[in-house]
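Data block below; observations after.
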Amino acid sequence: MAITFDEQSRSIKLDAGTSSYVLQILPKGQVVHRYWGAAVSDFDLSALLESNSGESLGLDGENTLDENPDHMLAEYPGGGAGDFRVPAVTALAADGSSAVDLRYVSHEIQQGKPALAGLPAVYLNNDDEAETLAITLEDKYCGLRTVLYYTVFAGLNVITRHTVLSNVGVGARHDVPLQLNYAMSSCVEFSSSNYKMLGLYGAWARERQVEWLPLRHGTQSLQSRRGYSSHQMNPFTVLATPSADEVQGEVYGFNLVYSGSFLIEAEVDQKDTTRVVMGINPYDFAWKLEPGETFTTPEAVLVYSNAGMGEMSRTYHRLYTKNLCRGAWRDKRRPILINNWEATYFKFNADKLVNLAEQAASAGIEMLVMDDGWFGKRDGDNSGLGDWFVNEEKLGCSLAELVERVDDAGLKFGIWFEPEMVNPDSDLFRAHPDWALSIPSRPKTLGRHQLALDMSRKEVRDYLVERLTDILNSADISYVKWDCNRYLSEAFSATLPAERGREIWHRYMLGFYDVLERITSAFPKVLFESCASGGGRFDPAMLYYMPQTWTSDNTDAIDRLKIQYGTSFAYPIRTIGAHVSATPNHQTGRNAPFMTRGAVALQGTFGYELDLAKLDESEFDQIEDQIDLYQEYQKLIFGGDFYRLISPFEDSTQAAWMYVSPDKKSALVQVVMQHISGNHAPRRIRLQGLEPQSLYKIEELGVTLHGDSLMNLGFIIPESWGDHQSVCLTIKRKG
Ligand code: GLA
């Protein structure tokens, strides 16, 4: 890891792991992008790139430049001054003009990594883990200063980026505001367009489906305008060479540490270069910068791999487990929980929960989570949100008494909240109708019979912190599931002045992060899991506050193969909330075998979500087998490296994956049949991640062979009989 400035060419090279990123400062101050990819030795790469050919835009006259802004590869391009592609920044001046052309002022290389004001971000455990470059650019005509931050990490092909924008005034004038309309986190340019681009698209109960499309001329975007990172598109993309796959090819990952509306836009231009910008969605966004004020963008996490998608994912996993997730639970084995949602929905009381806990205890389950319905007036989803007071009448006792009874049964206790939301039918809404986001002159659009609270308001945040604190202090609570079940519409705050009205989207997020920080730091021993109608907010920002996320309301093991496959592209297995649920499955009606449901739930945090009383004896007994498997392999799954072997998107008959321990001594392979047919051809699987020259024994097959044979030739997957069976193979190194 090193960041080096070459005086002669005025180039800066960031060496991150086995990759390099190079930029150059031109004589007239344009800061241009030169390269990102496998490590290079040279600083001055300009001779290898085209510049100034063709049109003469900006090369003479008043605004003389070194490179034509129309096709210059820029580090942080402004709009309105000759660069016609998607901008990283635009700013509206008080006189109604809008042009930004940023020029170099200075740069600084420092050990460590600065925090981002009010925003979640990758952090360091020690200062010597990373180095940071901060380049200051300025447009003196509109008074916009930007500081571009780039951090590189020891031994990882990672660069994190964010930008701090400020209004420094024009000349002697320090009284003119600016309005930001684009304030992206990063812009990365590629001198080619020969890439395919990944989108993790989806819907409720069908999150993070994998879709690759070739880049084409013009722009293509992945985005959310919903106020949340969303089920529909994850704030993540990859540009990859056309033939790249799991094990080979160049891939470039982009992930935004943000839970709000985002935009990732790729533009292929007239010269077949590609620009990728990523950040807060400029749609309906405006931010007023008074003189002296600053705006900090969310963080972008960029990963390079020249060994395909698998290597890229493992880089994200490594970074996120050690430098994004935080707190006491970061490295700790998670308890095996049972959640009562699919067991009871809203129909429960303390006796029913204690019953479930007692049965769960006898099966070896360690924690009971009481889901939605314990507070206010809440027997369905149309009332009560906002009234965070225990409904003792419904429960039949106080929360402390219930928790004690569950504790007597031998289980820890967890609880569900949906703090950001309010039902119009609630005491909170009746007392404070203006606390909900809505436009006074318009009817309110409800989602799941609810409105979102105005998280930009301090009194709203204080109310939530006070209510949650009170409840979490009232009993011995070990776990919180933090839910959020609608998108933002009529996003309008009663308290923001008109000229700051469009700041609400981002101010909501800043307020939300403030509440998360206050609650999670006040209860450091509590394990938090985030949720948004399942996986509607599975993003790195949530992982900063809560080390696991409920992946999807779809608990069907076969559908989960795809959902978890897509999720694993960026997010570590230990962050993926996964439970065994009942059959016929509540979302699909499918009947996957109990052991297969267990195998798929093992690819995550592992838990249960069903009515144990309704299981037949043989299923109940299999819980013991599943828990034994979990106990045996928990460390390997939690701390090992993850390899995707067969994609459920590319192979309709099966899916397969494996975990390898960091010391390469043990591995676990799991295969799940998606589809079975008679007299099918033998199905072969090739392993990954083993030591080529070491001998490994596949316990279940009684085969001992070198890693290279198992990885290069592979072996035939053992036959299975019946729908959706699974195979689990344990592999041990000899010596
Ligand atoms: C959301 C969650 C579910 C459950 C319900 C409760 O849909 O994703 O897991 O908690 O809310 O209302």
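The values are calculated or read from the model by the stated rules, or taken from the named source; none is laboratory data. Quick caveat, the model's predicted, so the values are computed rather than measured. Reconstructed Cβ throughout: ideal geometry from the backbone, glycine too, with neighbour counts over all protein chains shown. Surface areas here come from the heavy atoms of the whole protein model, side chains and all, with no ligands, DNA or RNA. Shrake-Rupley method; radii C 1.70, N 1.55, O 1.52, S 1.80 Å.
Structural remarks
- Unmet requirement for Glu650, which otherwise passes all of (1) more than 27 Å from the chain's Cα centre (by Cα); (2) surrounded by fewer than 18 Cβ atoms within 10 Å (Cβ to Cβ): (1)
- Output for segment 312-368, where each listed residue is buried (at least 18 other Cβ atoms within 10 Å of the Cβ) and either without any contact (Cβ under 8 Å) to a residue 12 or more places away in the chain or aromatic (Phe, Trp, Tyr) (or both): Tyr316, Tyr320, Trp329, Trp341, Phe348
- When segment 610-636 is limited to residues that are without any contact (Cβ under 8 Å) to a residue 12 or more places away in the chain and farther than 15 Å from Pro593 by Cα, the one that is farthest from the chain's Cα centre (by Cα) turns out to be Asp628.
- Only a single item in (1) modelled with pLDDT under 95; (2) under 29 Å from Tyr150 (Cα atoms) is not met by Ala74, and it is number (1).
- Filter result (part of a strand (DSSP E or B) and either among the aromatic types (Phe, Trp, Tyr) or buried (at least 16 other Cβ atoms within 10 Å of the Cβ) (or both)) within segment 706-716: His706, Phe715
- Test: Ser229 is open to solvent by 10 Å² or more (accessible area, probe 1.4 Å), touching an Asp or Glu at 6+ places or on another chain (Cβ under 7 Å) and modelled with pLDDT of 95 or more: no
- Evaluation of Ser259 against (1) out of contact with any strand residue (DSSP E or B) (no Cβ under 6 Å at 6 or more places or on another chain); (2) surrounded by fewer than 24 Cβ atoms within 10 Å (Cβ to Cβ); (3) within 17 Å of Ser186 (Cα to Cα) (one fails), failing number: (2)
- Residue selected from segment 585-601 under the condition in a helix (DSSP H, G or I) and over 20 Å from the mean Cα position of the chain (by Cα), by the criterion surrounded by the most Cβ atoms within 10 Å (Cβ to Cβ): Arg597
- Qualifying positions in segment 110-132 - open to solvent by 10 Å² or more (accessible area, probe 1.4 Å), free of Cβ contacts under 8 Å to residues at least 60 places away in the same chain and either touching a strand residue (DSSP E or B) at 6+ places or on another chain (Cβ under 8 Å) or outside any loop (DSSP other than H, G, I, E, B) (or both): Gln110, Gln111, Lys113, Pro114, Asp127, Asp128
- Counted as qualifying within segment 482-584 are the helices (runs of 4 or more DSSP H) with 1 or more residues that are open to solvent by 10 Å² or more (accessible area, probe 1.4 Å) and within 16 Å of the ligand (Cβ to nearest atom), namely 557-567.
- Every condition in (1) open to solvent by 50 Å² or more (accessible area, probe 1.4 Å); (2) of a type in the set (Asp, Glu); (3) closer than 27 Å to Arg318 by Cα is met by Glu719 except one, and the failing one is (3).
- Index of the failed condition, Arg684 passing every other in (1) buried (at least 19 other Cβ atoms within 10 Å of the Cβ); (2) touching a Gly at 6+ places or on another chain (Cβ under 8 Å): (1)
- Residue match in segment 93-109 (condition: closer than 22 Å to Pro298 by Cα, of a type in the set (Val, Ile, Thr) and either at pLDDT below 95 or open to solvent by 10 Å² or more (accessible area, probe 1.4 Å) (or both)): yes
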